[in-house]
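What follows is a set of notes on a single structure, which appears directly below.
The values are calculated or read from the model by the stated rules, or taken from the named source; none is laboratory data. Keep in mind it's a predicted model, so treat the numbers as computed, not measured. Methodologically, a virtual Cβ is constructed for each residue, glycine included, from the backbone with ideal geometry; neighbour enumeration extends over all protein chains shown. Calculation scope for accessible area: heavy atoms of the full protein, side chains included, ligands and nucleic acids excluded. Shrake-Rupley method; radii C 1.70, N 1.55, O 1.52, S 1.80 Å.
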2 protein chains.
Amino acid sequence: MQRQRMTSSPIEPRSRVNLRRLADEVGVHPSTVSRALDPTKRHLVADDVADRITTAARQLGYRPNPVAASLRTRRSTLVGVLVPDITNPVFSPIISGIAEILGAEGYSTIVADAGTEFGPRMALIDELIARRVDGLVLATVSRDDPMLEHCLAEGVHVVLVNRADDSDRASSVVSDDVAGMRVAVEHLYQLGHRVIGHLAGPSTLSTGHLRRVGFEQAMQDHGLAVPPAAIVEAASYDRDEGERATARLLQAYPGLTAIAAANDLLALGAYKALAARGLRCPADVSVVGHNDMPLVDMVEPPLTTIRIGPRDMGRDAARLLLERMTGSALPIRRIVLAPDLVFRASTAAPRG
Amino acid sequence: MQRQRMTSSPIEPRSRVNLRRLADEVGVHPSTVSRALDPTKRHLVADDVADRITTAARQLGYRPNPVAASLRTRRSTLVGVLVPDITNPVFSPIISGIAEILGAEGYSTIVADAGTEFGPRMALIDELIARRVDGLVLATVSRDDPMLEHCLAEGVHVVLVNRADDSDRASSVVSDDVAGMRVAVEHLYQLGHRVIGHLAGPSTLSTGHLRRVGFEQAMQDHGLAVPPAAIVEAASYDRDEGERATARLLQAYPGLTAIAAANDLLALGAYKALAARGLRCPADVSVVGHNDMPLVDMVEPPLTTIRIGPRDMGRDAARLLLERMTGSALPIRRIVLAPDLVFRASTAAPRG
DNA sequence: CTGAAAGCGCTTACAG
DNA sequence: CTGAAAGCGCTTACAG
């Protein structure tokens, strides 16, 4: 369906006053204008001159061209953010937190949807590097990711968020994944559960790996068994995979009364698998998720989960990056945020 | 919680081979290199020379500096996308669709979270314009938006998506909001509902206005009454406001058996208001949403809604923008996508 | 405190 | 088909 209207829109030249023109107008040298307009250099020029320049700039509607400045200084005040899937609600608040902090410092954020394939990912990174981004935030890395290696080799400032690299080659901001899963299991334990299964995330991702570790630790703390059948690893973080993995888990570990899922999408998949077998949640099987992503309070039953504070993670990641882009040769830092439990209705005491 | 490691990361200079260096290496003039590397100009240079240049470029790892090119050509191959709230799941697929099409043509996308306040919005637009974006996609406009006026005055190419302007001053891609709401009401009518209320969106937005128009038309088609009490307008598209507005609607229009909501968030708010009054959905009151945003199939009851194809809207918006950025003085176009009904479990025949 | 000069890395009329 | 030149709009040593 298309309607048209024959109105053409001639594009007018944008406000064309540049630094030179402004200098001519005020009667000073361009370099003086440049100094007067740079807060860190304004003290180098006489107050009255600086004032005249500022006033004229406003009157003429002068707007500095960041492209030219970027070419000259080799800095772009542009930051790239790579997410694995922009459609995944978990990343929105992360992006939002990053843009908030960076924006306040004059940086613009380019968000790139990396997708899951390796080739396009690398191409995107190269594209961002070609654009001379001053830094990169990666929300995508696996535990041993060649992308990170690549960025480091290119000499770009990198900060990892949500998922971290195993070898501490870059600063990162993550939720305490081990602790988060321990809290989840502890919650189930307190409710009375003893036979608990784990819907693990991909072991190639720090979140999948560490949450599994947290699961094993918490179980061990209580002297509970973790037979191999108690853990099934999902190939990816999505609902369909969660459903399939849960089917396998129920099959292999029939006595279970609760499932600790490595993330919310997986937990939602578990809902489906449970329903398909006529099992009720939480009456027959309790389910706890991870991330507290938007809307999981509205599903049925409202999902008990672990809140990880993605917006704060984004903010901290931005601050870390700012630090590196501004200062010089800083140490690698890891920021680990403490998560908390959100107790809703998908968990309850086991029957009987 | 923070741990540190005392590893410093010296930033290496990135691959420093520029066009001049490459020219020297091959033994030709820089302008020849420039031509050989530009697909649209390659035919101007001898094949063997061009080949030597291409080979050398690859060997030396030459990567053209888009910042320099941008300064020279006054084009940035950068496009800005303004969304009202990046955290709103409806916008993710739109953004994703835009980036997909634009990325294939070598454009990078800057996503800006506009927020709801006027000042910051304008500042963001100015920021993007200062960065010399080649075009802007606005997913934020009200029916008569000064932001659009501003963009037009600045001479930037603009395309509207999801929400359109009343006066056709820019090309746009929207869902057929009138038709979508008619389909929703028709569905309720077929189910047997006769007393239907409308949870309207803000009348300052095209979606709010047109869906309301669609509601009124559909009711009139069937000779059904639409007393003033049958429509309540939400001040914004969010759950809490949906809950409040529904409370008012139930109060003012007690006989109703179904609610047609202007969007899914509002519908989800209606769920809460209904539950608060002990009314069951759909047994007591049917609810239909709009947008089919992620996860509404998982809420309880799974939401019957109108699918608007946001990813396609994004793609089309990108294509429209591409057209304008490339061609010259094109007519204003409106693309209107046909939505469809997704029948799930929040609607059913009225009782009795 | 201010100016003159050089240059960031490209592209594109203009010659030949 | 190729080269030489100019210039996009800034910033920053270098003088004075």
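Below 16 Å, Cα to Cα, which aspartates and glutamates can B:Lys41 reach? Residues fewer than 8 away in the same chain don't count.
Cα-Cα hits under 16 Å: B:Asp51.
Along region B:165-178, what does the Karplus equation 6.51 cos²θ - 1.76 cosθ + 1.60 (θ = phi - 60°) give for ³J(HN,Hα), rounded to whole Hz, x for Gly and Pro?
Karplus values, whole Hz, x for Gly and Pro: 8, 5, 9, 6, 8, 8, 5, 8, 10, 9, 7, 6, 5, 5.
Can you compute the equivalent ellipsoid semi-axes for chain A, i.e. the square root of 5 times each eigenvalue of the Cα gyration tensor, sorted largest first and rounded to whole Å?
Working from the Cα gyration tensor, I get semi-axes of 51, 22, 18 Å.
Once both axes come from the Cα atoms, what is the angle between helix A:264-276 and the longest principal axis of chain A, in degrees from 0 to 90, rounded to 10?
That helix lies at roughly 30 degrees to the long axis.
To the nearest 100 Å², how much accessible surface do chains A and B cover up together, summed over both, with a 1.4 Å probe?
6800
Over what distance in Å are the Cα centres of region B:110-145 and region A:120-188 separated?
So the two Cα centres are separated by 29 Å.
In nm, one decimal, shortest first: how far is the label point of B:Asp297 (7 Å from Cα along Cα to beta carbon) from the matching points in the other copies?
Distances between equivalent label points, in nm: 2.5.
With axes computed from alpha carbons, what is the tilt in degrees of helix B:47-60 against the longest principal axis of chain B, rounded to the nearest 10 within 0 to 90?
Around 70 degrees separate the two axes.
Give the long-range amide H neighbours of A:Val173: residues separated by 5 or more places, or on another chain, with amide H under 5 Å away, using H modelled in the peptide plane at 1.01 Å from N.
For A:Val173, the qualifying residues are A:Leu160, A:Val161, A:Asn162, A:Ile335.
Taking beta carbons within 10 Å but only from partner chains, what does the mean come to for residues A:61-73?
Mean shielding count: 4.
Could you work out how far apart the two model spin labels at B:Glu105 and A:Leu152 are, taking each label as a point 7 Å from the Cα in the direction of the beta carbon, and quote it in nm?
Reported label-point gap for B:Glu105 and A:Leu152 is 3.9 nm.
Would you pull out the residues with amide H under 5 Å of B:Ala345's amide H, same chain only if 5 or more places away, H placed 1.01 Å from N?
Residues meeting the amide H criterion: B:Leu303, B:Thr304.
Please state, to two decimals, what the Cα-based radius of gyration of the protein assembly as shown comes to when divided by 2.2 N^0.38 Å (N = residues).
1.06
Could you tell me which trypsin sites (Lys or Arg not before Pro) in region A:242-327 are loop residues by DSSP with no more than 16 other beta carbons within 10 angstrom of their beta carbon?
A:Arg277, A:Arg280
Would you mind calculating the gained length between A:Val226 and A:Arg21 on full extension (0.36 nm times residue separation, minus the Cα-Cα distance), in nm to one decimal?
Separation in residues times 0.36 nm, less the Cα-Cα distance, equals 66.4 nm.
Assuming 0.36 nm per residue, please report the length gained on full extension of the stretch A:Ala235 to A:Glu186 beyond their Cα-Cα distance.
Fully extending the segment from A:Ala235 to A:Glu186 adds 15.1 nm.
Whole-Hz ³J(HN,Hα) for each residue in region A:242-248, computed from phi via Karplus 6.51 cos²θ - 1.76 cosθ + 1.60 with θ = phi - 60°, x for glycine and proline: what do you get?
For region A:242-248, the Karplus-derived couplings read x, 5, 4, 5, 5, 4, 5 Hz, x marking Gly and Pro.
Binning at 5 angstrom from zero up to the longest distance, how are the C-alpha pair distances of region A:177-308 distributed in percent?
2, 12, 25, 27, 22, 9, 2, 0
What ³J(HN,Hα) values, in whole Hz, does the Karplus curve 6.51 cos²θ - 1.76 cosθ + 1.60 give for region B:228-238 when θ = phi - 60°, with x put for Gly and Pro?
x, 5, 6, 10, 10, 9, 7, 6, 7, 8, 8
Please give the FRET efficiency for B:Ala349 paired with B:Arg244, using the beta carbon to beta carbon distance and R0 = 25 Å, rounded to the nearest 0.05.
Using R0 = 25 Å, I get an efficiency of 0.35.
At B:Arg42, label 7 Å along Cα→Cβ: distances to the other copies, nm, ascending?
Sorted ascending, the copy-to-copy spacings read 5.1 nm.
Leaving out ligands and nucleic acids, and using a 1.4 Å probe, what accessible area per residue does region B:19-64 come to in Å²?
I get 65 Å² per residue for region B:19-64.
Can you pull out the trypsin sites (Lys or Arg not before Pro) in region A:14-90 whose DSSP state is coil and whose Cβ has at most 10 other Cβ atoms within 10 Å?
Sites meeting the loop and neighbour criteria: A:Arg16.
Among DSSP beta bridges lying fully in chain B, give the percent that are antiparallel, nearest 5.
10
Given DSSP loops and a limit of at most 16 other Cβ atoms within 10 Å, what is the longest stretch of chain A that contains no such GluC sites (Glu not before Pro)?
A:118-352
Using a 10 Å cut-off on Cβ to Cβ distances, tally the other chain neighbours for every residue of B:330-336 and report the average as a whole number.
5
Would you please give the residues with an amide H less than 5 Å from that of A:His157, counting only those at least 5 places away or on a separate chain, with H modeled from the backbone geometry?
A:Leu136
Quick one: pull the percent of accessible area on region B:137-187 belonging to carbon and sulfur, 1.4 Å probe, ligands and nucleic acids left out.
The computed percentage sits at 49.
Add +1 for every Lys or Arg and -1 for every Asp or Glu among the other residues with Cβ under 13 Å from the Cβ of B:Leu188, and state the total.
0
Considering only DSSP beta bridges where both residues belong to the protein assembly as shown, give the percentage that are antiparallel (nearest 5).
About 20 percent, rounded to the nearest 5.
Once the Cα atoms of helix B:91-104 and of chain B are each reduced to a long axis, what angle between those two axes, in degrees from 0 to 90 to the nearest 10, is obtained?
For B:91-104 against chain B, the angle is about 30 degrees.
For region B:19-64, state the semi-axes of the equivalent ellipsoid (square roots of 5 times the eigenvalues of the alpha-carbon gyration tensor), sorted largest first and rounded to whole angstrom.
15, 10, 10
At B:Pro64, label 7 Å along Cα→Cβ: distances to the other copies, nm, ascending?
When each copy's label point is compared with this one, the spacings are 2.8 nm.
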